[in-house]
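Please read the structure below before turning to the comments.
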Amino acid sequence: MAGVARSFGGVPAVRDVSLDLARGEILALLGPSGCGKSTLLRMVAGLEMPDRGAVFLDGEDITRLPPYRRPVNLMFQSYALFPHLTVAENVAFGLRQARRPPAEVEARVTEMLALVRMESFRQRRPAQLSGGQQQRVALARSLARSPKLLLLDEPMGALDRKLRAEMQFELAGILRRVGVTCMLVTHDPEEAMVMADRVALMRDGELAQVGTPAEVYDSPRDRFAAEFLGPVNLFGGTVVAGGGGGVLTVRVPDLGAEHPVPAPGPEQPGEGASVTVAIRPERLQLAAGDAAARGALAVEVAGRAFLGTHTVYRVRLPGGALATVQQPEDGSPPFEAGRPAYLTVDGAALRVLAD
Amino acid sequence: MSRRWQWLVLAGGLSFLWLPIVVLMVYSFNESRLVTVWAGFSTRWYGELFRDRQLIEAAWLSLRVAVLSASSALVLGTMAAVALTRYGPFRGRAVFGALLTAPLVMPEIITGLSLLLLFVALSPFVARGMLTLWIAHTTFATAYVTVVVATRLAEFDRTLEEAALDLGATPFRTFRDVTLPVIAPALLSAWLLAFTLSIDDLVISSFVTGPGASTLPIVIFSSVRLGVSPKVNALATLLVLAIVLGAVASWLAMRRASTRYRAVVVAGPK
């Protein structure tokens, strides 16, 4: 899709977005509510017309095609199952519209229901299904026509938390087995990372960053990306030397040392420029013993929260700033609040953010 | 207030509403020729009723007019409701809505009179009779159908239609295969309402009908002025039963549709 834009009543919802999907890829459009991700999805489905720009599928311009002529199917957040039809009739709906022969429709419906493990529910009505079952039927229905591109609008939005985690893996597994190219919309970074090959982070109708989940999580381009994907520590720093190979040497007073940090992009900040440096809490490590010889910082534990798999600490750095540390729970005794501890920084995980 | 009092008040209210009809139904089984004197149980007047050609013909006419006008009102009213709810805030939408539903509050006597004047003006082309009854009943029933169907369409989940379009259904097939079946119970309910309104209309019918085309209400009303025959009680009892059956059917249809709809769409999947 190239330079797609759409406004509602003069308020731009999507501005100038260009995005490519590889065949068989699962891409997640991730962003806070109102960032334009659903509008973008609906433009690809043909349910909204872009004001500007064009949508291409396999090199063919489908921008002006009505939704019923596009080889694209959408799984709705509410599933939008037809209440007056049975599960089998819902799945068959698209095939019947395409006037496929009845025997083929029957075979395809059986195949699709087997794929989502709903064979025994053929004759049920949507109202007689649980949320998770409805989701499976909706998936089977949108895959039945073998779309070239499958769109999923907040696929887990209507499920409760526990079911959500289960279904994320299952759904991603089915999508990979079918090999269909997918674009899904979500506001949940975890969901995007579990299900997608690539994440396209959106903000205010524009793409903020596109990359694999690891790229976007580990190397956020800016403060928005860093904070949206998960908890992060941000520190002020000064560029000491703009060394070669895209590596800057940055002095971070809060972390008490100079660190080599990869530059955020092609435009490197010059020497003496002040920058923001980010590090994820799990890349900071607390130790009880005096590890100062190895470059650890003496800090004071300000608070802690036990979360089962890990414990989150708030620690006061020598300069007085607070940092969040995520310590894996390995059975070692916890650090008590108000006590000193030693903090080591995984320098390789530091990132300079673009402003 | 004690429980005894609550029951008394309830009984009082209900008998105020229903006692006259119950009395009428009881007296339809009265042996006596005098409507107000009980002379033992009999179904004699039901037999007499079915031998009364004038009444039977009037009932047959009323039935045909009601079926025809309810059906045409259903088509017109549904189209109007779709226009009102689906075409966004088009120019003159409020005026269109007001004009459509005005017959709901328009005094019947005025509607009847104006239709009579219209049909008199058209008399060289349109003979007053069943056709004019059909047209007149369609005009007021359309307003009711529009209101019922528009209410249903307003709460209709548009994503169902989007899903149908997305699955390759043209707008026409989307309407036929998804919208219509989902709102079918509301359509049935609207049709039954229009049917009932037509069956028991007296005022407008007396204005627009012509010689030889007397509907049931007209025949009953004129026969009562000459003195009530117990036959009329029998007929009224049958009518009440028919209307109650129709109302219950319509209510069941609406309820079934709305629980099914709510379970899937409004409450959302759990």
- Query: For region A:147-246, what class follows from the C-alpha gyration tensor (a ≥ b ≥ c being the square roots of its eigenvalues): rounded when a/c is under 1.5, otherwise prolate if a/b is larger than b/c, else oblate?
  - Reply: prolate
- Message: Could you work out [θ]222 nm for chain B from helices alone, using -39500 (n - 2.57) per DSSP H run of at least four and dividing by all its residues? Round to the nearest 500 deg cm²/dmol.
- Response: -24000 deg cm²/dmol
- Message: I need the peptides B:53-63, A:129-139 ranked by packing, meaning the mean over residues of other C-beta atoms within 10 angstrom, with the highest value on top.
- Response: A:129-139, B:53-63
- Ignoring ligands, DNA and RNA, the residues of region A:38-61 whose accessible area with a 1.4 Å probe is reduced by 20 Å² or more relative to the chain alone are A:R42, A:L47
- Query: Which whole number gives the average count of other chain Cβ atoms within 10 Å of the Cβ atoms across peptide A:71-77?
  - Reply: 3
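Going from most exposed to least, what order do B:I135, B:I218 have by accessible area with a 1.4 Å probe?
Working: B:I135 70, B:I218 30 Å².
Per-residue accessible area, sorted high to low, gives B:I135, B:I218.
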- Task: For region B:148-165, list whatever residues lose no less than 30 Å² of accessible surface once every protein chain is in place, relative to that chain by itself, with the probe at 1.4 Å.
- Result: B:T159, B:L160, B:E162, B:A163, B:L165
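On average, how much area does the Cα convex hull of chain B cover when viewed from any direction, in nm²?
21.5
From the P(r) of region B:1-148, could you give the percentage of C-alpha pairs in the tail past 19 Å? Working shown, then result.
On the way: 7862 of 10878 pairs.
So the portion of pairs separated by more than 19 Å is 72 percent.
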- Query: Could you name the aspartates and glutamates in cross-link range of A:K148, using Cα to Cα under 15 Å and dropping any fewer than eight places away on the same chain?
  - Reply: A:D20, A:E25, A:D58, A:E60, A:D61, B:D166
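Among the chymotrypsin sites (Phe, Trp or Tyr not before Pro) in region B:112-152, which ones are in a DSSP loop with at most 13 other Cβ atoms within 10 Å of the Cβ? Mind listing them? The partial results should precede the final answer.
On the way: sites: B:F119, B:F125, B:W134, B:F140, B:Y144; in loops: B:F125.
In loop regions of region B:112-152 (DSSP not H, G, I, E or B), the sparsely surrounded chymotrypsin sites (Phe, Trp or Tyr not before Pro) are B:F125.
If Lys and Arg each add +1 and Asp and Glu each add -1, what is the summed charge of the other residues whose beta carbon sits under 14 Å from the beta carbon of A:P231?
Values: positive: A:R223, A:R280, A:R283, A:R314; negative: A:E190, A:D218, A:E227, A:E282.
Residues close to A:P231 contribute a combined charge of 0.
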- Message: With angles folded into 0 to 90 degrees, how steeply does helix A:161-178 sit against the dominant principal axis of chain A? Use alpha carbons for both and round to 10.
- Response: 60
- Task: Take the protein assembly as shown, drop everything but the C-alpha atoms, weight them equally and run the Debye formula without solvent; then report log10 I(q)/I(0) at 0.09 Å⁻¹ to two decimals.
- Result: -0.91
- Extent of region B:1-42 along each principal axis, from alpha carbon coordinates, in Å, largest to smallest? 45, 16, 13
- Task: Report, in degrees rounded to the nearest 10, the 0 to 90 angle that the Cα long axis of helix A:87-97 makes with the longest principal axis of chain A.
- Result: 70
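Across the residues of A:272-281, average count of Cβ atoms on other protein chains within 10 Å? Write out the running numbers ahead of the final one.
Numbers: counts 0, 0, 0, 0, 0, 0, 0, 0, 0, 0.
Per-residue shielding by partner chains comes out at 0.
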- Query: How far is helix B:108-121 tilted, in degrees, relative to the longest principal axis of the Cα atoms in chain B, given as a value from 0 to 90 rounded to the nearest 10?
  - Reply: 80
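With n ≥ 4 as the cut-off for DSSP H runs, can you work out [θ] at 222 nm for chain A, using -39500 (n - 2.57) per run divided by the number of residues, rounded to the nearest 500?
Numbers: 8 runs with 85 residues, N = 355.
So the helix-based figure for chain A works out to -7000 deg cm²/dmol.
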- Query: How much of the accessible area of the protein assembly as shown, probe 1.4 Å, is carbon plus sulfur, in whole percent?
  - Reply: 61
- Task: Note the buried accessible area between A and B here, summed over both chains, with a 1.4 Å probe, in Å² to the nearest 100.
- Result: 2500
- Note on the structure: The computed P(r) of region A:1-153 puts the percent of Cα pairs beyond 24 Å at 39
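Please label the shape of region A:115-170 as rounded, prolate or oblate, based on the square roots a ≥ b ≥ c of the eigenvalues of the alpha-carbon gyration tensor (a/c under 1.5 means rounded; beyond that, a/b larger than b/c means prolate, else oblate). Let's see the in-between values first.
Details: a/c = 1.77, a/b = 1.03, b/c = 1.71.
It is oblate, given that a/c is not under 1.5 and a/b is not larger than b/c.
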- Taking R0 as 56 Å, what's the FRET efficiency between A:K148 and B:S32 from their Cβ-Cβ distance, rounded to 0.05? 0.10
- Counting only protein heavy atoms and rolling a 1.4 Å probe, one gets per residue an accessible area for chain A in Å² of 44
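How about region A:285-355: which chymotrypsin sites (Phe, Trp or Tyr not before Pro) there lie in a loop by DSSP and see at most 10 other Cβ atoms within 10 Å?
On the way: sites: A:F306, A:Y313, A:F335, A:Y342; in loops: A:F335.
Sites meeting the loop and neighbour criteria: none at all.
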- Surface accessible to a 1.4 Å probe, per residue, for the residues of region B:53-267, Å²: 49
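The values are calculated or read from the model by the stated rules, or taken from the named source; none is laboratory data. Just so it is clear, the structure is predicted and the values come from calculations on it, not from any experiment. Virtual Cβ from ideal backbone geometry, glycine too; neighbours counted across all protein chains shown. Each accessible area value is taken on the protein alone, full model and side chains, heavy atoms only, with ligands, DNA and RNA left out. Shrake-Rupley method; radii C 1.70, N 1.55, O 1.52, S 1.80 Å.
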